[in-house]
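The values are calculated or read from the model by the stated rules, or taken from the named source; none is laboratory data. Keep in mind that this is a model prediction, so the values were computed, not measured. Cβ: placed from backbone, ideal geometry, glycine included. Neighbour counts: every protein chain shown.
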Amino acid sequence: MADGGSTAADLGAWICFEDEAGQGLRPPKGTTWGRRGRTPVVRVTARGTHRISLAALVAIKPGEHPRLIYRAYAYRGRKRERKGFDEGDYIRLLDAAHQQLGGPIVVVWDNLNTHRSARMRRYLAARDWLTIFYLPPHAPELNPVEGVWSHLKRSLANLTKHTIDQLMQLIKTRLKRIQHRPALLNSPLAHTHLQISNPAIEAL
């Protein structure tokens, strides 16, 4: 991240790590308490095709608190309905980040086909406030957004929601809690072991 960090410092930019995740109506498994000899049972819906797609940015800048910016998309299994994010969705997320953060951004993301498509390259070329860096292949440990997903999945363990709208509301509630508590982003950032100087992070 030396090149990305130097670029961000030169531009006075935010460094924004991006990643995607998904969650269906079957909740993640987790440990819980129960009476001896009586295994707790969580009843879930059989609608296996309905799914929430998530894309998020963890934004950092020296002297500022880390920020979480995300978008969510619900796939309801309808005919000709796209299942997840396309290039336009990612660009709208980056445009929103640019507006919210109030300055240029350096985005660090993985090598997803959508990130490298010709359509995406055209979108990126039209935004002079945006610089892109790609993570090495198979290196999720370098992306702090992975820690956000881990925290989210733990909070959803064993919780059953029977409609996609209920699940969407629950996920948004959980992510808003993280947004309002930037200290929760410290641990995912620390686990990357990236050399990024941020006094605001260290002070939290």
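Structure summary
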| item | result |
| --- | --- |
| Within the stretch 87-100, considering residues that are farther than 22 Å from Thr173 by Cα, surrounded by 13 or more Cβ atoms within 10 Å (Cβ to Cβ) and not charged (D, E, K, R), the one nearest to the chain's Cα centre (by Cα) | Ile91 |
| Neighbours by Cβ (under 6 Å, 6+ apart or cross-chain): first from the stretch 85-100, in contact (Cβ under 8 Å) with a residue 24 or more places away in the chain; second part of a helix (DSSP H, G or I) | Glu87/Thr114; Glu87/Arg119; Glu87/Met120; Ile91/Tyr123 |
| Verdict on Val58 being hydrophobic (A, V, I, L, M, F, W, C), exposed (fewer than 15 other Cβ atoms within 10 Å of the Cβ) and either in a loop (DSSP other than H, G, I, E, B) or modelled with pLDDT of 90 or more (or both) | no |
| Test: residue in the stretch 129-137 that is closer than 23 Å to Lys83 by Cβ and over 15 Å from the mean Cα position of the chain (by Cα) | no |
| Residue match in the stretch 137-146 (condition: among the β-branched types (Val, Ile, Thr) and either at pLDDT below 95 or under 24 Å from Gln179 (Cα atoms) (or both)) | yes |
| Gly84 surrounded by 15 or more Cβ atoms within 10 Å (Cβ to Cβ), in a loop (DSSP other than H, G, I, E, B) and modelled with pLDDT under 95 | yes |
